[in-house]
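**Q** First the structure, then my questions, so here it is.
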Amino acid sequence: MDALDQLKSKYLDGIAQAPDEAALEDLRLAALGKKGEISLKMRELGGMSPEERQTTGAALNLLKTEIDAALRAKKEALADAALDARLKGEWLDITLPGRPRPHGTIHPVSQVMDEVTAIFADMGFAVAEGPQIESDWYNFDALNIAPEHPARQEHDTFFMARAEGDNRPPHVLRTHTSPVQIRAMQERGAPVRVIAPGRVYRMDMDQTHAPMFHQVEGMAIGRDISMANLKWTLEEFCKAFFEVPDVELRFRASHFPFTEPSAEVDIRCSWAGGQLKIGEGDSWLEILGSGMMQPKVLQAGGIDPTQWQGFAFGMGIDRIAMLKYGIPDLRAFFESDLRWLRHYGFAALDLPTVFGGLSR
């Protein structure tokens, strides 16, 4: 056996018996490194005759290729063996149940807004929308609200700031969604049936009031619309929303500038054991305001009051959400008090949302 055969046998046997990658690296350096045996043999080619250099060079290159291939194969085999050992030591039981993750749902106000919209849609009411920053005319004048009315004072309404010399008409953060009714009449004419849900703003803050809250207002205009139609509509809504088979509503005479006659609407209820129950008992609870549309309001909407008449109503979405789900403090909706919402069955998402991290 010549010298090259001895080197081949030496390193191929060593590679086959290498226990790990560190030993394999030592063998590579010993054979193919700058001072490795095969590398040193390659340097000797310069002192050989052309015939010897051609024969010996080809044999050395072949040996180098074989050793390099053996090193790669052994390295892959060691990696496969390490992976097999790891898989035997680490295992996952895929039949185990997954880790529970908290599930958020929509905010109670958003849920109630969707419920209200669906109920009135079944009665033929379309949804109308309008801007939250309204002109003084749409928010007050078109609704027959006189200049001296308290709602037009700065202690009740958020007026938009004006730079000195800006003589444009005043604009406000809308105090109700009634301006949407004016816009709907102007755009759609009569007959028309719409509801207008959305955010409104007033300077008020306590247990049952907030400076930003939500309302839904509705109107129906036709040739022969009457208070009887209004009463039926509200009764059907209350039965569907509060999920009771029957309700009794009480209409109390009142005054609103935009309706004539006007009525506050109470619903029969009880407070047995401190828990509100709708549709039974000896108590009454005010839930909304309503009435027949004032002729001047119809005129502002471009509708002839001698040919058409209609009813209108408005209620606080936050308020009826509190009544339905038994939440006593309106501030729980907006101040990120997760304890309140969890107590009343509303889960919260882990990540903040547009509602400050609250969702049902």
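**Q** If I filter the range 149-160 for residues that are under 27 Å from TYR325 (Cβ atoms), in contact with a Ser or Thr (Cβ under 7 Å, 6 or more places away or on another chain) and either charged (D, E, K, R) or assigned by the TED database to the domain that holds ILE327 (or both), do I get at least one hit?
**A** No, the conditions are met nowhere in the range 149-160.
**Q** Looking at (1) farther than 20 Å from PHE313 by Cα; (2) free of Cβ contacts under 8 Å to residues at least 12 places away in the same chain; (3) small (Gly, Ala, Ser), can you tell me which one ALA70 breaks?
**A** Answer for ALA70: the failing condition is (2).
**Q** Could I ask something else about it? Tally time: how many residues in the range 284-315 are over 27 Å from MET113 (Cβ atoms) and assigned to a strand (DSSP E or B)?
**A** Final tally of qualifying residues: 1.
**Q** Which residues, counting only those in the range 239-256, are in a strand (DSSP E or B), of a type outside the set (Lys, Arg) and surrounded by fewer than 17 Cβ atoms within 10 Å (Cβ to Cβ)?
**A** Once the filter is applied, which keeps residues that are in a strand (DSSP E or B), of a type outside the set (Lys, Arg) and surrounded by fewer than 17 Cβ atoms within 10 Å (Cβ to Cβ), the range 239-256 yields ALA253, SER254, HIS255.
**Q** Now for a separate question. Write out, first by first residue and then by second, each pair whose Cβ atoms fall under 7 Å of each other, whose residues are 6+ apart or on separate chains, and whose first residue, in the range 123-137, is without any contact (Cβ under 8 Å) to a residue 40 or more places away in the chain while the second is outside any helix (DSSP H, G or I).
**A** SER135/PRO169; SER135/HIS171; ASP136/PRO169; ASP136/PRO170; ASP136/HIS171; ASP136/VAL172; TRP137/PRO169
**Q** Can you pull out every residue in the range 1-55 that is hydroxyl-bearing (Ser, Thr, Tyr) and in contact (Cβ under 8 Å) with a residue 24 or more places away in the chain? Walk me through how you get there before you give the answer.
**A** Of all residues in the range 1-55, those hydroxyl-bearing (Ser, Thr, Tyr) come to 9, 11, 39, 49, 55.
TYR11 - this is the single residue of the range 1-55 that is hydroxyl-bearing (Ser, Thr, Tyr) and in contact (Cβ under 8 Å) with a residue 24 or more places away in the chain.
The values are calculated or read from the model by the stated rules, or taken from the named source; none is laboratory data. Just so you know, these numbers come straight off a predicted model, no measurement behind them. Neighbour counts are summed over all protein chains in view; Cβ atoms, including those assigned to glycine, are modelled from backbone coordinates with ideal geometry.
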